[in-house]
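Reading through the structure tokens given below for one structure.
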Amino acid sequence: MADKLTQKNRMPEWITSPTSRALAALIVVFVLGLLFHAEGAFYKWGTHRDMLRAVSVYGILACGMTLVIITAGIDLSVGSVLALTAVLFALTTIHWQWPFWLAILFCLAVGGVCGGFSGYLIGRFRIQPFIATLAMMVFARGVAKWVSGGQKISTAVQQPDGTYQYVSVPDIFTLINAKIFGGNLTVVTVILLACILISWILLTRLRQGRYMLAIGGNEQAAVLSGVPVNPIKILAYGMAGLFSAVAGICQASQELQGDPEAGVAYELSAIAMVVIGGTSLQGGRGSLWLTLIGILTIGYLEKILSINAVGEDKRLMLTGVIIIAAVLLQKNK
Amino acid sequence: MTMLLTMKDIYKSFGPVRVLEDVRFDLRPSEVHILAGENGAGKSTLMKILGGVYPDYSGTIELGQKPVRFKSVQDSAGGGISIIYQELSLVGSLSVYENIFLGRERHRFSWIERTGMKNEARRLLAELGLCMDVETAVEDLPIGQQQMVEIAKALSYQAHVIVMDEPTSALTEPEVKKLFEIIARLKQKGCGIVYISHKMEEIYQIADRITVLRDGRYIGTETAENLPADKLIHWMVGRQLNQQFPRHQSRLGDVRLDVSNLTVAGEAGNPIPLVDGVSLHVRAGEIVGLAGLQGSGNSQLLHGLFGTFGKRVSGSLKIDGRPVPITHPAGSIQRGLALLTNDRKSTGLVLGRDIVENASLACLPKFSPAGWLRPKAEKRAVSQTLQQLRLKAESLSQPVESLSGGNQQKVVLAKWIQTDPRVLLLDEPTRGVDVGAKQEIYELMNQWTQAGIAIILITSEMPELLAMSDRILVMHRGHITAEFESGQATQETILSAALGETTKGMRNTWRTN
């Protein structure tokens, strides 16, 4: 208690707040970009646009992950659900020629059900989130492979006589993959921003979001205050599943195919983004604003390393180091 | 005779609060020495000092004639002291012998010698007259046998001072008998036993000497023959009642809360119910005090009727004459119940969140029609309530963990008052709260009863209980053992009922089982 007070006196609050700590990491990375600009590449908007595009799918997963982590949980299944919905999206639009809105609704429903079921297991049967979502991760991957027959679902459609015929790419793929605002922004980035906005509204403007924070902060106190803990957990994991489906649709559109092997280890990138932003894995604290900073930090880091032609080996090593550094920076509280 | 253990001039404070003042205690070989006192008298603190849990005390401890100072639990165990806490410190998934030798496994070139340890474990258990499979996992044993394993573990440390903190609270009658046999054997071996108990019958069954603490001070030591029950009780509670309490009795209305035959089953596998067929009623505007020492089940009774235990509860509940099911806390809150728990940090508050969020948590639907939060309305209502409670805080958006105990408690009270409760269940509402805030909480209780709210009050502070309650029920081992009208009760009569003494003239529903 006492040293908390003295620390407050030593440093003004705006320096020690989670937001400024997270921003500090982002600024450090950004300054690195200004220094190692790869012959001016970093000064071009196109670089930033491509960074945003590259990070969007991960960022969409990070939105759902933020909600889940705030309830003191974790969701390992987002990458697999992404693959499953990517496969389903490609299958329904390319092969079955469903109208795009029906395909989208279907994929969102599948994602939401996958996540919601994890949440049900966690709330109703008190299975640890790690285990429940690990099971979902394996299961959803299996379904993706089963539905796709282990093949990438692409525009090469097998005919009854065994030959392949190429069909045209559905319009919805082109639309999601397009650049807008005079080519200055990609649609997937707009989708990412929409996901952040939706999660932000849920977390800060709706009762359910308040309950998520309370459950993560002290589940027992929440139960005794009449908070409907199980439905809220189903909602949090369901939203994570829903966003995984959004990410799956984007991924399929970007790759022009549904790959059952897609999204492997994406959950780890999403968790890293949330954690670098400063949302605590203990739950009860965190915000979408912090996650946005985390998304940008990782996005810029990867981009800067890639425009400077740093090999993947060193890129991975550096990313590991930066994650630890960013978390340590937020630690001494 | 040389003493096994002598503790003298023991002082101990937690921050500014002095919990032990000039306390002494000694222990002879081959004796059972009862350490008696109400909740919060300082018994557990004294034993934790002996056990090395609190190394920062002042005073002297001598083992034999040798002065010692325990800096850690290991120090104390090395000195031959073994403390068996109420919550047993065994690793459930490990076997009996593994638990006995935990942390001191016998090994040769770090290769564990299982056979040797098993044999030694069997020998230790045989010494206690016990025969059990040493390879069974401890979690598969009934509580009574687990306790025997703890005692065997103590013996394996060559402990000659064995402290038992309410060892019988979870035991069945035959298990208690077995425990007492073992205590007799330990006495024969020359061990000294410090025994903390809240059960009168037990105390006189095994005591050689009794030492009484009250409010952190030493009251006296006497042999059991020379300290009859009434004198013991007088020692435990014989304080002057000079505090001013502002209870204004309000006009009593109709019966608000009517509980009949409420039973809370024990934890999984334990046949002893926490609350056993309790019936009670509270009128509108009435404060009913629910007295009871640790383990009496009074706190569990409140949780039971609030729905915390869900399906472990049986019995029926009426609010304002209408039968209501006991389901879960959310349902209870809707039906007008509110429970202030006795541990605000672990069950009352979300410490990392701010004042407003905590104060509105139990009635959030009120401030979020169709799910959308109305932060302004929420803040206005909360700040209004908190003004009535005279909360002192820099801003309503500061996290509750930065508030003092008294102000934290006011946030919890605000949370419950905003649900417009018909029945308030208050479990230790003034615990860890400064004097000023205590007075304010008493005033609030008066206001609330005047508004017709029915209150059940649990408090381990006897003067508070006597002054604030319009009626007092006393619990012991899950039963109500006595009922007093306002003014009839004294500290002595309450305590003796809480210790399980049966006295003439009291309504007595306690039966031995």
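The values are calculated or read from the model by the stated rules, or taken from the named source; none is laboratory data. Not measured: the values here are computed from a predicted model. With ideal geometry, Cβ positions are generated from the backbone for all residues, glycine too; neighbour counts draw on all protein chains shown. Surface accessibility is based on the protein's heavy atoms, side chains included, excluding ligands, DNA and RNA. Shrake-Rupley method; radii C 1.70, N 1.55, O 1.52, S 1.80 Å.
Brief remarks on what is shown
- Note on A:Lys303: lysines with a C-alpha under 30 Å away, same-chain residues under 8 apart excluded, are A:Lys44, A:Lys152, A:Lys179, A:Lys314, A:Lys331.
- Rounded, prolate or oblate (a/c below 1.5 giving rounded, otherwise prolate when a/b exceeds b/c) for segment B:378-465 by Cα gyration tensor: oblate
- Taking all protein chains together, B:Asp230, B:Asp258 sort by accessible area into B:Asp230, B:Asp258, largest first [probe 1.4 Å].
- Using θ = phi - 60° in the Karplus curve 6.51 cos²θ - 1.76 cosθ + 1.60, the 3J(HN,Hα) couplings for segment A:60-69 round to 4, 5, 5, 4, x, 4, 4, 4, 5, 5 Hz; x is entered for Gly and Pro.
- Here B:Glu173 sits with roughly 100 square angstrom of accessible surface, probe radius 1.4 Å.
- Gyration tensor (Cα) of segment A:147-206, equivalent ellipsoid semi-axes in angstrom: 36, 18, 7
- If both residues of a DSSP beta bridge must be in the protein assembly as shown, then about 60% of such bridges are antiparallel.
- Judged by the gyration tensor of its Cα atoms, with axes a ≥ b ≥ c, chain A is oblate; a/c meets the 1.5 cut and b/c is at least as large as a/b.
- Each chain gives up part of its surface: B and A jointly bury about 2200 Å² of accessible area, both sides summed, for a 1.4 Å probe.
- Crossing angle, helix A:100-124 versus chain A [Cα axis fit, 0-90 degrees, rounded to tens]: 50 degrees
- Among A:Thr291, B:Leu301, B:Thr341 the positive-end extreme of the charge dipole of the protein assembly as shown (Cβ point charges): A:Thr291
- Farthest toward positive dipole pole in segment A:25-138 [+1 Lys/Arg, -1 Asp/Glu at C-beta], among A:Ser56, A:Leu102, A:Ala90: A:Leu102
- Under the simplified labelling scheme, the B:Met3-B:Asn270 pair shows an inter-label distance of 3.4 nm, with each label point 7 Å from Cα along Cα→Cβ.
- Total charge dipole magnitude, chain A, about the Cα centre, Cβ charges on Lys, Arg, Asp, Glu only, Debye to nearest 20: 1080 debye
- 10 Å Cβ neighbours from other chains, averaged over peptide A:210-216: 4
- Amide N proximity, segment A:73-115 versus A:Val157 label position 7 Å along Cα-to-Cβ, cut-off under 18 Å: A:87-104
- Percent accessible area from carbon and sulfur atoms, segment A:250-333, protein chains only, probe 1.4 Å: 64 percent
- When nucleic acids and ligands are ignored and a 1.4 Å probe is applied, A:Ile127 ends up with an accessible area of around 60 Å².
- With contributions of -39500 (n - 2.57) from each DSSP H run of at least four residues, the per-residue ellipticity at 222 nm computed over the protein assembly as shown stands at -14500 deg cm²/dmol.
- In order along segment B:303-320, the Karplus-derived 3J(HN,Hα) couplings, from 6.51 cos²θ - 1.76 cosθ + 1.60 at θ = phi - 60°, round to 4, x, 7, 7, x, 4, 8, x, 7, 6, 9, 10, x, 10, 9, 10, 10, 6 Hz, and Gly and Pro are given as x.
- Net charge dipole, the protein assembly as shown: roughly 1380 debye, given to the nearest 20, about the Cα centre with Cβ charges of +1 for Lys and Arg and -1 for Asp and Glu.
- Of all DSSP beta bridges in chain B, antiparallel share, percent nearest 5: 60 percent
- Other residues lying with their Cβ under 15 Å from the Cβ of B:Glu166 contribute a combined charge of -3, Lys and Arg counting +1, Asp and Glu -1.
- As a rough guide to protection, the peptides A:113-124, A:253-264, A:290-301 ranked by mean Cβ packing within 10 Å, highest first, stand as A:290-301, A:113-124, A:253-264.
- With all protein chains kept in place, the per residue accessible area of the protein assembly as shown amounts to 44 square angstrom at a probe of 1.4 angstrom.
- When B:Lys71, B:Lys438, B:Lys199 are compared by accessible area of protein heavy atoms, the largest-first order is B:Lys71, B:Lys438, B:Lys199, using a 1.4 Å probe.
- Across segment B:111-127, coupling constants 3J(HN,Hα) worked out from phi with the 6.51/-1.76/1.60 Karplus curve, θ = phi - 60°, read 9, 5, 8, 5, 4, x, 5, 4, 4, 5, 4, 4, 5, 4, 5, 5, 4 Hz, and Gly and Pro carry x.
- Restraint check, B:Lys43/B:Lys187; B:Lys43/B:Lys415; B:Lys318/B:Lys415, Cα-Cα greater than 32 Å: B:Lys43/B:Lys415
- Here's the picture: charge each Lys and Arg Cβ at +1 and each Asp and Glu Cβ at -1 in the protein assembly as shown, and of A:Ile215, A:Leu305, B:Ala330 the one pushed furthest to the positive end of that dipole is A:Leu305.
- Each residue was assigned an accessible area with a 1.4 Å probe, and for B:Ser260 the value is about 50 Å².
- Cα-based convex hull volume of the protein assembly as shown per residue, rounded to whole Å³: 222 Å³
- FRET efficiency, 1/(1 + (r/R0)^6) with R0 25 Å, evaluated for B:Ser169 and B:Glu135 via beta carbons: 0.35
- Accessible surface ranking for A:Leu329, B:Leu90, 1.4 angstrom probe, highest first: A:Leu329, B:Leu90.
- Take B:384-392, B:368-376 and order them by the average number of nearby Cβ atoms within 10 Å per residue, most first; the result is B:384-392, B:368-376.
- Take each residue in A:222-234, count the other chain C-beta atoms within 10 Å of its C-beta, and the mean is 6.
- Amide H contacts under 5 Å for B:Leu5, placed H, 5+ residues apart: B:Leu27, B:Gly64
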